[in-house]
Amino acid sequence: GNSVTQMEGPVTLSEEAFLTINCTYTATGYPSLFWYVQYPGEGLQLLLKATKADDKGSNKGFEATYRKETTSFHLEKGSVQVSDSAVYFCARNAGGTSYGKLTFGQGTILTVHP
Amino acid sequence: DAGVTQSPTHLIKTRGQQVTLRCSPKSGHDTVSWYQQALGQGPQFIFQYYEEEERQRGNFPDRFSGHQFPNYSSELNVNALLLGDSALYLCASSLVDGAGGPSDTQYFGPGTRLTVL
């Protein structure tokens with residue numbers, strides 16, 4: 001079936017540090033891949049997406065590249081800020097005619113200290 | 001441009017009761033999906049509505065049912081509540097694309113926090 005696996009958390013960094021959050025997905029179908037962010041007490045916000053192999057999604061300094069050969073979609077940011085503290089979710093859709101359904105990873109808590 | 005809205009924000013129920021949660025999609029969107037997010041977990045897909053019909057369903061029992069209205073808003077109903085139904089319930093909306101399927105980008109509301117005692 002479809003699944004998404006994220007790196008174990010939580011992740012604690014100092015401001016301006018480099019961030020990587022690993023994400024891998026099962027290689028079924030031709031999914032689109034997403035990163036969502038959830039701030040405390042809020043719903044999910046779409047951070048970035050990629051729809052096919054080798055696509056790079058980017059937004060607010062965050063980037064992720066759709067790697068079909070390694071079934072990965074790792075999230076990176078060169079210099080994190082305190083305001084980036086949140087929970088980050090990697091997700092895929094089902095592809096094909098069911099691509100509206102999203103499957104999420106378990107989430108990675110990021111805490112950035114000044 | 002109004003985003004996805006959900007009501008109520010918080011809800012407390014007791015075991016065995018029934019609950020109805022409401023969602024209004026983002027302006028111009030016609031597809032609504034519901035997700036359950038247990039504490040410390042990623043959201044789990046419950047079902048999706050388009051053209052007032054349930055189009056897809058996740059692994060949730062029949063106690064979970066829904067409805068979509070002609071204005072595209074939606075309700076999630078849960079009967080015979082269990083303690084394990086305590087969670088954040090998220091609504092997401094999207095737009096059917098030119099190919100006739102739902103867009104791959106979903107926009108989420110702030111959620112309804114349900115506590116079952």
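Values quoted throughout were computed directly from the atomic coordinates according to the rules given, and no laboratory measurement underlies them. Predicted model, so just to flag it, every value in this text is computed and none were measured. When we count neighbours, we look across all protein chains shown, and the Cβ atoms used for this are built from the backbone with ideal geometry, even at glycine.
Once the convex hull of all Cα atoms in the protein assembly as shown is built, its volume per residue stands at 125 Å³.
Put the Cα centre of the stretch A:26-79 next to the Cα centre of the stretch B:1-69 and the gap is 24 Å. Shape analysis of the stretch A:21-71 yields a ratio of the Cα radius of gyration to the Kirkwood radius, Rg/Rh, of 1.00. Close Lys pairs in the protein assembly as shown (alpha-carbon distance under 15 Å; sequence gap of 8 or more, or different chains): 8. Farthest towards the positive end of the charge dipole of chain A, among the residues A:N2, A:G107, A:P40, is the Cα of A:N2, using unit charges on the Cβ of Lys, Arg, Asp and Glu.
For the stretch B:14-53, what are the per-bin percents of Cα-Cα distances with bins 5 Å wide, up to the bin holding the maximum? Percent of pairs per bin, in order: 6, 16, 19, 24, 21, 10, 4, 1. With only the Cα atoms considered, chain B has a convex hull volume of 98 Å³ per residue.
I'd like the trypsin sites (Lys or Arg not before Pro) in the stretch B:1-74 restricted to DSSP loop residues with at most 14 other Cβ atoms within 10 Å, sorted by number.
For trypsin sites (Lys or Arg not before Pro) across the stretch B:1-74 that sit outside H, G, I, E and B with at most 14 neighbouring Cβ atoms in 10 Å, the list reads B:R15, B:R63.
Compactness of chain A is given as radius of gyration and Dmax, 13.6, 46 Å, from Cα positions. Approximating the spin labels as points 7 Å out from Cα along Cα→Cβ, the A:A17-to-A:D55 distance works out to 3.1 nm. Specify whether the C-alpha gyration tensor of the stretch A:1-50 places it in the rounded, prolate or oblate class, a ≥ b ≥ c being the square roots of the eigenvalues: rounded for a/c under 1.5, otherwise prolate if a/b is larger than b/c and oblate if not. Prolate shape, in that a/c is at least 1.5 and a/b is the bigger ratio.
Each of A:V82, A:V11, B:V32 was scored by other Cβ atoms within 10 Å of its Cβ. Listed from fewest to most, they are A:V82, A:V11, B:V32. Above 13 Å lies some portion of the pair distances; for the stretch A:51-114, what is it as a whole percent of all C-alpha pairs? Every Cα pair in the stretch A:51-114 considered, those over 13 Å come to 71 percent.
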